[in-house]
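Report on the structure given below.
The values are calculated or read from the model by the stated rules, or taken from the named source; none is laboratory data. Only a predicted model underlies this, so the values are computations on that prediction, with no experimental measurement involved. Note that each Cβ is placed from the backbone with ideal geometry, even for glycine, and that neighbours are counted across all protein chains shown.
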């Protein structure tokens, strides 16, 4: 039974309108509507009542009943927030709160500096419980809660968050100490704040939780809270569920594994996924699926330390990957592959061998897959033996050179060109997936890898091509990422 994801910003009213349209069109004999009914109604294609049409709409979106679908959408509407669309305010309280916190839009240190300046200019704003929470002003927060204990859980401010979120997402004061942050957080938790507080950014799952706010992404754009790990330990001790999909996603791009050490110690990979998983049911990854996704990222990026950490904590390395419900995109490209096969097809033969040593089944690759693995490994003799599969391999992975370049497989790139792969093909450099994003030369330029760029240019890479997302040349990427070596190489060729 084919299903599709819900549209962005779904509402129950939209769904009711769709159900009425299905009822009316099927009743009028419109073939497309009858086909939809036939695909999702137990009685096959026929004119349906409104109740029947509602069942069809629910199953079309992957829900077993109309009631489950509407509960899900009502939950999205309840927790949806659009913080990056909040405009600047003149009121000192709202102005400070809007500027002080990460909102995953235009975050940068200048916003946080402006927030600090507002607080310095309007010290009376500290009496507001949301400001006191964000500033970790223990005295002001204690006074506010003594007057009104319900302020610890009341949503408000520009983002309609509870105080614990303003505390964990605030970035305006790098001088905040662990002692202050923990004392403020304990005050809120002792007065009923939920350690699992969170919101759905633009209605998207998984939620941005207090835990995700504390640890950020570790990047300059979205740094962890100055007391992030101390706050994380406290939240976990007070019941925050460690199976936090947004936190795992935010921090997976760095080799820093400290967050995983903390979450694994607190039970990551175990339990039912906590209150957010219970709210959103089958749309939520299970704890085991989360860990398998983290292992996948470690494998395809050839990060043995992270792979070892996860495997040592019992992550399944024997079963083939599957992406329930079609999530996430990267895992769909590995559907039916074992972890060792994923490693081989990502150009990580040493990691594949290590997985086999740890008990994973050896990769079983044939035909074009075997050729792809051999080429990425730089095994020229094996490539020659499998050359007859070159056309199928090119059809299966047309942008493979982009991935080889991103993994800096210098020996693989000439082999792939010799097999007929286009050096100017478009692909993705962040995961081994076929999407038409950028060329291999873009990847080299952005990384400042002049040796790789020279290799690609020598094989016919075109420096004038623009990527398909930002419409920039490789030189533009080199400039954007401030890479002097590739700027110097590409400027004479591009301008």
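Annotations
- Only residues that are outside any loop (DSSP other than H, G, I, E, B) and under 26 Å from residue 304 (Cα atoms) were counted in segment 234-255, giving 7.
- Per this entry, residue 245 is not counted among residues that are touching a helix residue (DSSP H, G or I) at 6+ places or on another chain (Cβ under 8 Å), assigned by TED's automatic domain parsing to the domain that holds residue 153 and touching a residue at least 60 places away in the same chain (Cβ under 8 Å).
- Tally of residues being farther than 12 Å from residue 440 by Cα and either assigned to a helix (DSSP H, G or I) or touching a strand residue (DSSP E or B) at 6+ places or on another chain (Cβ under 8 Å) (or both) across segment 450-476: 7
- Residue pairs meeting the criteria (Cβ under 8 Å; at least 6 apart or on separate chains; first touching a residue at least 60 places away in the same chain (Cβ under 8 Å) and on the phi > 0 side of the Ramachandran plot, in segment 5-25; second surrounded by 19 or more Cβ atoms within 10 Å (Cβ to Cβ) and part of a loop (DSSP other than H, G, I, E, B)): 9/203
- Residue that is modelled with pLDDT of 95 or more, closer than 28 Å to residue 221 by Cβ and surrounded by fewer than 22 Cβ atoms within 10 Å (Cβ to Cβ), where the choices are 454, 447, 438: 447
- In segment 435-446, the residues that are part of a loop (DSSP other than H, G, I, E, B) and either under 15 Å from residue 457 (Cα atoms) or in contact with a strand residue (DSSP E or B) (Cβ under 6 Å, 6 or more places away or on another chain) (or both): 439
- Of all residues in segment 152-180 being closer than 16 Å to residue 94 by Cβ and without any contact (Cβ under 8 Å) to a residue 40 or more places away in the chain, the one that is surrounded by the fewest Cβ atoms within 10 Å (Cβ to Cβ): 154
- Counting only residues that are assigned to a loop (DSSP other than H, G, I, E, B), over 23 Å from residue 212 (Cα atoms) and in contact with a helix residue (DSSP H, G or I) (Cβ under 7 Å, 6 or more places away or on another chain), segment 65-107 holds 3 of them.
- Matching residues, segment 391-424, being outside any helix (DSSP H, G or I) and touching a residue at least 40 places away in the same chain (Cβ under 8 Å): 407, 408, 409, 410, 419, 424
- Taking the conditions (1) closer than 17 Å to residue 196 by Cβ; (2) crowded, with 21+ Cβ neighbours inside 10 Å; (3) touching a helix residue (DSSP H, G or I) at 6+ places or on another chain (Cβ under 7 Å) in turn, residue 251 satisfies each one other than (1).
- Condition check for residue 373: surrounded by 22 or more Cβ atoms within 10 Å (Cβ to Cβ) and within 30 Å of residue 476 (Cβ to Cβ): no
- Qualifying residue in segment 203-213 (condition: out of contact with any strand residue (DSSP E or B) (no Cβ under 7 Å at 6 or more places or on another chain), in a helix (DSSP H, G or I) and farther than 30 Å from residue 309 by Cα): no
- Counting the residues of segment 46-66 that are surrounded by fewer than 16 Cβ atoms within 10 Å (Cβ to Cβ) and more than 29 Å from the chain's Cα centre (by Cα) gives 4.
- Scanning segment 118-148 for residues that are exposed (fewer than 13 other Cβ atoms within 10 Å of the Cβ) and either out of contact with any helix residue (DSSP H, G or I) (no Cβ under 8 Å at 6 or more places or on another chain) or assigned to a helix (DSSP H, G or I) (or both) yields 120, 121, 123, 124, 139, 146, 147.
- Yes/no for residue 185 being within 14 Å of the chain's Cα centre (by Cα), assigned to a helix (DSSP H, G or I) and either buried (at least 22 other Cβ atoms within 10 Å of the Cβ) or touching a residue at least 60 places away in the same chain (Cβ under 8 Å) (or both): no
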